[in-house]
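Below is one structure, written out as structure tokens; the observations come after it.
Taken together, the values in this text are just the output of simple stated rules run on the coordinates, not laboratory data. The structure presented is a predicted model; accordingly, all values stated were derived computationally and were not measured. Here Cβ is always computed from backbone atoms with ideal geometry, including for glycine, and neighbour counts include all displayed protein chains.
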Amino acid sequence: DFDGNVAEINPAAARLLGWGGDVGGRTVSELVGRPLAEAGEPLGSELSRLADGESRLLTLQGRRRLRCLKLPYIDRGFSRSFILLDELTRELYESEKAAYEKLIRTMSHEINNTSASVISLLQSSLDAPVDAAGPGAPDWRESLTVAINRTNHMNAFLSRFADVIRLPAPHREACDVNEMLTEMARVLKPQTDARRIGWRWELAGDLPRVALDRAQMEQVLLNVAKNAMEAIGQDGEIVVRTVRDGARVVIEIEDSGGGISSAIGDQLFTPFFTSKPGGNGIGLTLVQEILKSHGFDGTLENAAPGRAVFRIGMGGGGE
């Protein structure tokens, strides 16, 4: 309206702002009349700063992409405005995926063809008879061995990228989510003990079993927990929480590793993006692909000052 308050809003836009009967019990009617800047963070404050005629692409929770357009109109002689929200998450995801799949396939084809020939020639040279007493023989053999090993390492590195696009369809079986989380922590406990990182558990006792591919979801949980551990470094805690939300099960893995800076928040789910020195971004990209293939939601955001939480929403499907 004339004062910058919400005059009308449809249910889909209200849900994006965190309002609606199924979101914390806050109804859409309660949102009408409130200042847009206070309607819901961070989207409300971003929308309130749009100028008439301005279009902007916004990122929510590191993953959801919204195109926001503010347009003016005349109402009974008075200038007013409305905002269109167009969710582009799926379109941009499919476009990004197609681009990096094509790139990885091209790289794999060219590098594998070249490296296979190089390794074959190096191995033949290494196996050839050599005067073991010659002055340069040890250095020559060592150099060839290093060259073979480095080429094999390069192939293994590229293979990890290719694994992302070769991900098989999930083989679903009813799974006890709490037990799966406990097993994940057991695998990482030697590493967290060495870093003096404690585990805190807040597991719901009435969870339905969830139909999922356990091997793939274990990869997701290990990647998320390892990221939490690396964010903490030394001396901190990882909180593992499960919640029942109707027929859905929600997993939260929260860490005390300092939270997510605004500089990287919008890029977290960009394919192969990483903020780690020497990192390659494969882990979070693989996590996104597995969750997408299951039809599960995944978000990463700040839970409190100095704390980040990865949240996974899973549909029921077990018994």
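Quick look at the values:
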| quantity | calculated |
| --- | --- |
| Local electrostatic count at Glu202 - Lys and Arg +1, Asp and Glu -1, tallied over other residues with Cβ under 15 Å | -1 |
| Between segment 178-236 and segment 293-317, the alpha-carbon center distance in angstrom | 13 Å |
| Relative packing of 46-53, 70-77, which averages over residues the other C-beta atoms within 10 Å, highest first | 46-53, 70-77 |
| Around Arg49: net Lys/Arg minus Asp/Glu count, Cβ-Cβ under 11 Å | 0 |
| Separation in nanometres of the label points that stand 7 Å from Cα toward Cβ, at Arg248 and Leu222 | 2.8 nm |
| Cβ-defined net charge surrounding Gln123, 14 Å radius [Lys, Arg +1; Asp, Glu -1] | +1 |
